[in-house]
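Only one structure is covered here, and it is reproduced in the block below.
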Amino acid sequence: MDTGALRKFAQSARNLLISQVAAKLDLVLDPSSAARREHPSAVRELENAIRSSDRKQVIEQVAYTWFNRFTALRFMDACGYTNPRVVSPADGQTRPEILSEAMSGSVPDGASPQIAALLSGRSPSNDPQAEAYRLLLVQACNQWHGPMPFMFEEIDDYTELLMPEDLLSQTSILAQLRKVMNEEACQDVEIIGWLYQFYISEKKDQVFAGLKKNQKITAENIPAATQLFTPHWIVRYLVENSLGRLWLLNRPQSKLAARMDYYIAPEEAETDFLKIRRPEDIRICDPACGSGHMLTYAFDLLYAIYEEEGYEATEIPGLILTHNLTGIEIDDRAGALAAFALAMKAAAKLGRRRFLRMEAKPDICVLQNVTFTDAEMQDVAAVVGRDMFTDELRVSLQQFEQAKNFGSLIVPKLRDPAETLRVVEARDLGSDLLLKEVQARVVAVLRMAETLLPKYHVVVANPPYMGSAGMNAVLKSWIEKHFKAAKLDAMTCFMDRATKLTKPKGAWGMINLPSWLFLGSYSKFRTAFLLQNRISSFLHLGRGVFGPDFGSVAFVASRIQDKPQHRGCYLKLYEQHSLVRTPEEIQRKFLERDCEIYLSDQNNFLKIPGAPVAYWHNSAVYEAFEGRQVSQVARPMIGIQSGDNDRFYRQWQEVCRADISTSIHSMEDTSDRLVWAPLQRGGDARKWYGNNSYVVNLSNSASDIKSVENSSLRNSSEYFQECVSWNRLSNGRFYPRHVDKGFAFDDVSPFLTTTQEATTADLLACLGSSASQFFVRSFSTGYKTEVGHVAPLPLPNDAIGARDWNRQIRRAVHIARSDWDAYETSWDFSTHPLLRTDRRAETLEDSYAALRTYWQGITVEMQRLEEENNRIFIDAYGLQDELTPEVPVEEITLICNPAHRYGGKANQEELEARLRADTMAEFLSYAVGCMFGRYSLDGPGLILANQGETLADYLARVPQPSFMPDEDNVIPVLDGDWFPDDITERFRLFLSTTFGAEKLQENLRFIEKALDKDVRKYFTRDFYNDHVRRYKKRPIYWMFSSPKGSFNALIYMHRYRPDTVSVVLNEYLREFITKLETERARLEQLADDASASQSQRTKALKDVTGIIIQIDELTKWEREVMFPLAQKQLEIDLDDGVKANYPLFGDALKPIKGLEAADE
């Protein structure tokens, strides 16, 4: 099945139908329309529908109604259930067969005589064939109303008036439909479900876009927002391991297992199961049935069961529909499709004639809102009789006022609605129309309530996915009241509901998202689930079943509370959480058992705090959790939620260094002054130390943050202490690191402070071990490592205290710190490591060789330290059978370690080449820093790093520099040496100063070989992109750049003054244009010089053309951009940040892609 073609068609069909229905609506509602004269009641009904909902909703509903009918008719045409075909032509024809036959005089029985009149010309029409075909369509739909009333309501209402136009052309929706719903595709009724999923996909996108704007999911949008079509093999797994398993337990001699490719046989024989006497006794429910995919496969399996029991083939479909299958849905359209899909299953078994005679109808209950006023309750008493009008009935009748919102989660108060329903239906109210209408509503409620009783042997579902944050207020409040433990997501509420819908010892299966498995917020729900159910099999699917954005799990459980030791079968069908595979690849891994398989007793999960479904552990792991936990010797916490990160957070290089305070002890230290405090805020995968990249504005005791709605300075009394932190968004890796005193913490960098019982080094050693990483996976296999994942980590009793490994961990922290500080993105950066006296040689090449040897040495040492630390804790926990101490070199998280820094599949030679190139680029970046005075060859660390500082400030700190910074804070970056302070010439001087003039050419060759280009080309093409990337889109050097890049000049933002643009304009841009004019004149003269060679003259003419283009570009840029900007004398405030300041200069500066993105 070409799902790509189905998606494209369904989405375009929706837009086409909506536009056509909207156009018809305007015509019908026109005051002078023919419809008002000919169909006044239908027009009134239409107007009432618009008043009760809205115009857009009516259009959506009618468009989808016709989409449903068209797809259903095409499916039946392709399968041979229609005669003649309604939307399909006969072989070799182009018109629908029903129209061709009518044109030949064979009009269907009961059809409107207007059809023949139109086709014979007796009735005038602008398009008689189209008008006749519309009437034929209506007649066909009405004809199918008897066998399938759920899909084909009798058409005598406004849906007929709004039928789309253009149904006969070769570009019509029916022509497109026939292409994608070819006869091969229609061999499986699953195609109907796919079309439904794709039809509503754009609506789903719209709803999710609204969620980002804090628009909640309204009741009418719940279907579009929460529907996900289940892959067929997952459906088979769920049905075969619930229905199939239950049948095999009751019929051990059955051969059914031979046809169940996705069945997982139990490890041991089971004796405690729900007894079934005959197939008719089995009740199966899908409480969120959508288009009926689960039910259609259950039909197939039930058919095989009935066959095996010796039932007549002609009786089986009717028996299944009458006794076995129930679907519950809130979306009328999906419910109609589910019923249609089951009907088509029956038709496929019976053939057209027997199917048309079959009286049984699919049991699909589409929940409807039903309301009774207080006054009407008196009428209800009259309808049901005073003796049956109990409090339970009264409550039940009121439970369905929000049925479209609450869906199958409603638990009817009335325990036996069937008896009440029998009495109410039998009551004869004579000619009392008012009471009859009340009676109809009571019957509707009782039928819905009866469907929602806990009477099912098997429940299977793909539930709606909707977090509490997206729920509308009414739904959220109701769920919080009725599903306290499961309230965080609709899917967990449905897990709770599935348990209650299932009979004791019955089986239920579900596919959903894995968030409930490990998150601490689901711990109460998880505990209840594990106590009430016994997992028989479980598939941990990873990403790909529902696309790349999230993982999924599928499982089958039995409603058995008294659970002696029982081992369920758990299949882990992914290698890495972030790896996305196709559904077909996941299916292959299941069938071939190309996966990790675990047999685990779920009682062990309850031994772990929060009861995570950590199925992969052995007994030693579960025993470890019976001892002390991290939370007993430390306090894990989260930090600031600012409410406006763009306003309060900066990368440290954006603000004045003098305003960053690294010696804060408490929030009191920030009162009555400007303070940017160091902030831990996530970052790269980094262990032991680092990611000190951000600062937060805590000025005046963070009064501005406190004033923002939804902001919070959580646990602020614990900030600024020496502690341990980690990245909450961890991509499956838990990398704790030491944090110095003086830091605040964002909520994406949880942290923990220790008690007197344990030092920071103690906890860091323990948490940094492979054992803790292993334990963290008990709570999270996803992208996040939360406080709730770290707090319950077990501590070995003999591994906290004074040990030799404390010194080793301090050494690991020291190595990681020196690695972090070796790069200019650290505020403790001193000088480039190539210029350190202990590694500096006569040439740059020899210096790099010495540096590389040092880097390799500390990488090996760090690897040894980590492996020794792992060994200590593996032994302490007794995990020798689970873990080895070895650490792959790519997991040594040092920037100087190319195996970690670049990863991937590059070989060692390629890694070395990248590291050498990046080190040379970093050396050039440091040189530019020295050119601007940010750094000095004659002093460590930052020199000029505060707003408005000048060369005079530099000379006050470095009186006799060996390399003088640029005087006017403008360094041209051009393709030739047009200016004496050109960046390439300045770098040559820098290189001569650092490694000697006599070695200049040798050193330049080494750099250019490493960069794979000459230095000037690097500066003009790559430097600024590297700089923006190095500083994560918050550059400190800003590039003035003309539209085509003919002119480029760098400035240092900390030295910016209001007249800096004027300096760029007058001293460089205009001067450059003048020099280009001079060069143009020289070249023109050369082109006319008879003594010059022909090649010289030709080249001169070509160069003149290029220079003219440059002059035109720069003159326009100077006139339209630079001159007006220079006139403004812009002031900037570094505290506002690059994101705010950079755009002030508009088209004067080189664009930075993604600069405008929100700082989440």
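Descriptive notes on the structure:
- Dipole check for the chain: with +1 at the C-beta of Lys and Arg, -1 at the C-beta of Asp and Glu, and the Cα centre as origin, the magnitude is about 1820 Debye.
- An ellipsoid equivalent to the stretch 1019-1106, defined through the eigenvalues of its Cα gyration tensor, has semi-axes of 36, 17, 7 Å when rounded to whole angstrom and sorted largest first.
- DSSP bridge orientation in the stretch 475-576 - percent antiparallel, rounded to nearest 5: 80
- Chain lengthening between D669 and D30 when straightened (0.36 nm per residue, less Cα-Cα): 222.8 nm
- The listed peptides 424-435, 528-539, 362-373, ordered by packing as a protection proxy, come out as 528-539, 362-373, 424-435 (highest mean of other Cβ atoms within 10 Å first).
- Residue order, fewest to most surrounding Cβ atoms within 10 angstrom, among Y81, Y196, Y694: Y81, Y694, Y196
- Ranked by how many other beta carbons lie within 10 Å on average, peptides 573-585, 825-837, 322-334 from highest: 322-334, 825-837, 573-585
- Environment charge at N691 (Cβ cut-off 9 Å; Lys +1, Arg +1, Asp -1, Glu -1): +2
- Label separation (E909 vs D1059): 5.7 nm, computed from points 7 Å beyond Cα along the C-beta direction.
- Multiplying the residue separation of D1014 and A1157 by 0.36 nm and removing their Cα-Cα distance gives an extension gain of 48.1 nm.
- Spatially proximal aspartates and glutamates relative to K1032 (Cα-Cα < 14 Å; intrachain offsets below 8 disregarded): E654, D684, E824, E1156, D1159, E1160
- Placing unit charges on the Cβ atoms of the charged side chains and taking the dipole of the chain about its Cα centre, the candidate lying farthest along the positive direction among N1003, V696, L530 is L530.
- The stretch 3-187 shape via C-alpha gyration tensor axes, a/c threshold 1.5: oblate
- Electrostatic dipole magnitude of the stretch 631-892 [Cβ: Lys, Arg +1; Asp, Glu -1; Cα centre; debye, to 20]: 160
- Our analysis of the stretch 1009-1059 gives Rg over Rh at 1.01, with the two radii drawn from alpha carbon positions and Rh computed by the Kirkwood formula.
- Within the shell defined by Cβ-Cβ distances under 12 Å, the residues around Q170 carry a net charge of +2, with Lys and Arg each +1 and Asp and Glu each -1.
- Nearby aspartates and glutamates by direct alpha-carbon distance to K204 (threshold 16 angstrom, same-chain neighbours under 8 apart not counted): E60, E220, D331, D549
- The residues Y263, Y954, when put in order of fewest to most other Cβ atoms within 10 Å, stand as Y263, Y954.
- Positive end of the dipole of the chain (Cβ unit charges, origin at the Cα centre): among A791, V973, Q368, the Cα lying farthest that way belongs to Q368.
- The chain: relative contact order in percent, alpha carbon pairs under 8 Å with at least 6 residues between: 6
- Signed unit charges on C-beta, dipole axis of the stretch 3-187, positive-most listed residue H39, L6, S112: L6
- Between A952 and T171, the simple spin-label model (points 7 angstrom out along Cα→Cβ) gives 7.4 nm.
- Of K687/K784; K212/K1139; K213/K1044; K345/K572; K361/K455; K1009/K1153, pairs whose Cα-Cα distance is over 26 Å: K213/K1044; K345/K572; K1009/K1153
- Anisotropy class of the stretch 1003-1160 from Cα gyration tensor, a/c 1.5 cut: oblate
- Treating each Cα of the chain as one equal point scatterer and applying the Debye formula with no solvent, the log10 of I(q)/I(0) at q = 0.09 Å⁻¹ comes out as -1.16.
- By the rule of a C-alpha distance below 16 Å, with chain neighbours fewer than 8 residues away ignored, the aspartates and glutamates paired with K1128 are D1059, E1118, E1120, D1147.
- When the inverse distances between all different Cα atoms of the stretch 655-763 are averaged and flipped, the Kirkwood radius reads 14.4 angstrom.
- Net charge dipole, the stretch 3-187: roughly 460 debye, given to the nearest 20, about the Cα centre with Cβ charges of +1 for Lys and Arg and -1 for Asp and Glu.
- Among the GluC sites (Glu not before Pro) within the stretch 1097-1137, those in coil by DSSP and having at most 11 neighbouring Cβ atoms inside 10 Å are E1131.
- Charged neighbours of P612, selected by a Cβ distance under 15 Å, balance to +4 (K, R count +1; D, E count -1).
- Counting every pair of alpha carbons in the stretch 282-399, the share spaced more than 24 Å apart comes to 43 percent.
- Placing R0 at 60 angstrom, the Cβ-Cβ distance between Q565 and S431 gives a FRET efficiency of 0.35 after rounding to 0.05.
- The stretch 631-892: C-alpha gyration tensor shape, a/c 1.5 cut-off, then a/b vs b/c: oblate
- Packing order of peptides 486-498, 1019-1031, highest average first: 486-498, 1019-1031 (average count of other Cβ atoms within 10 Å over each peptide's residues).
Read-outs throughout are calculated quantities, based only on the coordinates presented, and are distinct from any laboratory measurement. On a predicted model such as this, the values are computed, not experimentally measured, just so you know. Ideal geometry is used to build each Cβ from the backbone, glycine not excepted, and the neighbour counts take in all protein chains shown.
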